[in-house]
Amino acid sequence: MSFIVTSGGTAGHINPALAVAAELERLDKEVIFAGSTGGMEKHLAQSAGLQYRAFDARGFNRQKPWTLLTSSLLLARSTTAARRWLTEVQAQAVAAFGGYVSVPVGRAAVQLGIPLLIHEQNSHMGWSNKHLSKHADVIALSYEAALEGLSVDVRERVKITGNPVRPEFSALLDPEKASKLRREFRQQSGWEDDNQVLLVFGGSQGARHLNQAVAKLAPQLLKRPKLCVLQLTGLKELENTEAALQQVLGQDDRGAGAREELSSRWHLLGYCDQMPAAFAAADIVVSRAGASSLAELAVAAKPALLIPFPYATADHQRKNAESLVKVGAAQMVLDSNLDGEQFSRALLDLIDDPACYQSMLKAAQTVSHGDAATQVAELLLTIAS
């Protein structure tokens, strides 16, 4: 008897699925991860020690209408394969977290009468989850705003759980463990306890515009003697960001002195494999507003300046960000205003104004859904029984 967790596409879909899978394993349940053929989820699931089953699935290109037929046929074939497989492994329940591969696995569960839970990470319901919502036993949402994408007749099955985060982030909910992570990360970075640390990141793929905008502010930021910056650029943007920083600081009157400060107080990384510790070490965060990033930010309880990715489907990153802005835990600047005074003023005010910072910090400490993975796992166990 197995519990099936299915997800594909981006890390924003996959990480919450892995978090729930880990919680189910903690409860001594057998878990199998169903993902797409060739997707990043295969590596991530297997690295987590999970059994993995792949299915073919892809969406259609609206610019090429004929792909609707080919993708529909592919999903139908994969649904048939998933139906046989779910029977073989005696699936007790299925939890779908989005991505096209969730559709055939979710459809197969419905056809077999196997309980189905879907989880939507963003404030806008994605196509896969919206498609499955009509027949899901439970619809778990990270944001209440996602209700707008659901028909009235399914809303009685909705539960607001928040967005599950990776198990390693649970350390941030324990003050003693979080303090230890903060101290150790700062020590290895060469920073003192009284330094003010700014964490900048654009998600797993980086964000060129955000990276460049922050780099342009380097001379102003480095004038604050206690400020240190950890900028996670994304692997593809590391060289571009480094070049932008060197160019900006090359125009600084302090010359070599500015560049020396850069090496000690401004750390550029393409990727960080210690994100819980980086969050713990930070005082202020500047980031995009992807669902996983905001869930991790909420668990870390850090004041933030959010720059939603402007091309996200249905502008869902802006809607994600608004959930933290409304409670006072974050400020938001649109990507179109990154190069203007609004962004620099908002960031510098957050750094320089202790009252503003403390107000946002207090608000940030109220928004965590640190038990989201537990909530979702318990809902799945409930419908399975």
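Just so it is clear, none of the values below were taken in a lab; they were calculated from the coordinates. Remember, it's a predicted structure, so these values are computed and weren't measured experimentally. Methodologically, a virtual Cβ is constructed for each residue, glycine included, from the backbone with ideal geometry; neighbour enumeration extends over all protein chains shown.
Quick notes
- Note: relative contact order over the chain, using C-alpha pairs below 8 Å and six or more positions apart, is 16 percent.
- Cα gyration tensor shape for the stretch 263-355, rounded if a/c is under 1.5, else prolate or oblate: rounded
- Loop-resident trypsin sites (Lys or Arg not before Pro) (DSSP state other than H, G, I, E or B) in the stretch 103-163 with no more than 12 further Cβ atoms inside 10 Å of their Cβ: K134.
- Entries of K159/K326; K42/K134; K326/K362; K302/K362 with Cα pairs more than 19 Å apart: K159/K326; K42/K134
- Among A346, A34, A95: highest mean-square fluctuation, GNM of the chain, C-alpha pairs under 10 Å: A346
- Three-way shape label, the stretch 201-251, alpha-carbon gyration tensor, a/c 1.5: oblate
- Gyration tensor verdict on the stretch 311-385 (Cα atoms; rounded if a/c is under 1.5, prolate if a/b is larger than b/c, oblate otherwise): oblate
- Only aspartates and glutamates eight or more places from K319 in sequence, or on another chain, were considered; those with a Cα closer than 18 Å are E120, E144, E148, E296, D335.
- 13 Å beta-carbon shell around M125, net charge (K/R +1, D/E -1): +1
- Shape index of the stretch 171-364: Rg/Rh, with Rg the Cα radius of gyration and Rh the Kirkwood radius from the inverse mean 1/r over Cα pairs, equals 0.94.
- Computed from phi, the 3J(HN,Hα) profile of the stretch 279-288 under the Karplus parametrisation 6.51, -1.76, 1.60 (θ = phi - 60°) reads 4, 4, 6, 7, 9, 9, 10, 10, 7, 5 Hz, with x in place of Gly and Pro.
- In this simple spin-label model, placing a label point 7 Å from the Cα along the Cα-to-Cβ direction at both E341 and R77 gives a separation of 6.0 nm.
- Listed by Cβ neighbour count within 10 Å, with the fewest neighbours leading, D353, D28, D283 appear as D28, D353, D283.
- Extension gain, Q90 back to L235 (0.36 nm per residue minus Cα-Cα distance, nm): 48.1 nm
- Residue separation of R157 and M1 scaled by 0.36 nm, minus their Cα-Cα distance, works out to 53.7 nm of gained length.
- Helical segments meeting 27 Å axial Cα length and Kyte-Doolittle 0.0 threshold in the chain (DSSP H): 67-88
- nm² value of the averaged projected area, convex hull over the Cα atoms of the stretch 133-198: 7.0 nm²
- Ranking of W85, W127, W266 by count of other Cβ atoms within 10 Å, fewest first: W127, W85, W266
- Sites T37 and S263, calculated FRET efficiency, Cβ-Cβ separation with R0 56 Å, nearest 0.05: 0.80
- Of T233, T241, T10, T382, the sequence from fewest to most neighbouring Cβ atoms within 10 angstrom is T382, T10, T241, T233.
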